[in-house]
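Here's the structure we're looking at; comments come further down.
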Amino acid sequence: MYRIGFITLCAFLFVSLFSCKKESAQDDGLSTTVNLSEYTVEDIPGSDRKMLTKMTPQGLLEEQGMVEGDKKVGTWAQFYAPNTKPKEIWTYENGKLNGLHYLLNNSGRVDMYESFLDGKLHGKRVTYKQGSPVEEMSYKNGQLDGIFRGFFPTGKLQRIGNFVNGKQDGKYIVYDENKQIILQANYRNGEVIK
């Protein structure tokens, strides 16, 4: 009984933490407006857009992208210092996050990617550790919606479940390293069905 209770608690924490990550992804450095005084501004001839470049105090490239007025448009990137490899890449359309957002480690591997539509998470979000998937989630209009999977460091499936409109719904299964089911529960509208 203790084992099932502990696993249920872990599953709850997993879902709660992931939901918090979703909110912070939109609020943490992904602002759609720009303080132009922090950047070198270059006009793009024949366009209302401007290219913005931010440098570190040491003169290394830190961030670069375009704006229309004070709103971000097109592809933006932040870079690691001192090697100026991409750290984050994201795309804006009409002042809103639109398209894929990537987090990369300093060796160039993708640590996470997620998809946005009109400023909200929409589509897949996948996190990686050392090139192997750790979590896969699906979003619709900013809410978890669809199948989610968690993986052991070996790449084997650890847990699988489903969300509908931000609430866990359907079968939830947790496996051990030998692919044996150690927990199985059914959810409806975020509640465990007994």
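Brief remarks on what is shown
- Count - residues of the range 108-117 that are surrounded by fewer than 17 Cβ atoms within 10 Å (Cβ to Cβ) and either out of contact with any Leu (no Cβ under 8 Å at 6 or more places or on another chain) or among the polar types (S, T, N, Q) (or both): 2
- Any hit, the range 178-189, residues being in contact (Cβ under 8 Å) with a residue 12 or more places away in the chain, surrounded by fewer than 17 Cβ atoms within 10 Å (Cβ to Cβ), within 30 Å of GLY74 (Cα to Cα) and in contact with a Lys or Arg (Cβ under 9 Å, 6 or more places away or on another chain): no
- Taking the criterion of being of a type in the set (D, E, K, R) and within 23 Å of LYS171 (Cβ to Cβ), the residues of the range 113-152 that qualify are LYS124, ARG125, GLU135, GLU136, LYS140, ASP145, ARG149.
- Among the candidates TYR139, TYR172, residue that is touching a residue at least 40 places away in the same chain (Cβ under 8 Å) and farther than 30 Å from LYS72 by Cα: TYR172
- Condition check for PHE116: more than 13 Å from the chain's Cα centre (by Cα), at negative phi and in a strand (DSSP E or B): no
- The listed residues are GLY142, GLY150, GLY146, and the only one of them that is among the small types (Gly, Ala, Ser), buried (at least 18 other Cβ atoms within 10 Å of the Cβ) and modelled with pLDDT of 95 or more turns out to be GLY150.
The values are calculated or read from the model by the stated rules, or taken from the named source; none is laboratory data. Remember, it's a predicted structure, so these values are computed and weren't measured experimentally. Backbone-built Cβ (ideal geometry, glycine too); neighbour counts: all protein chains shown.
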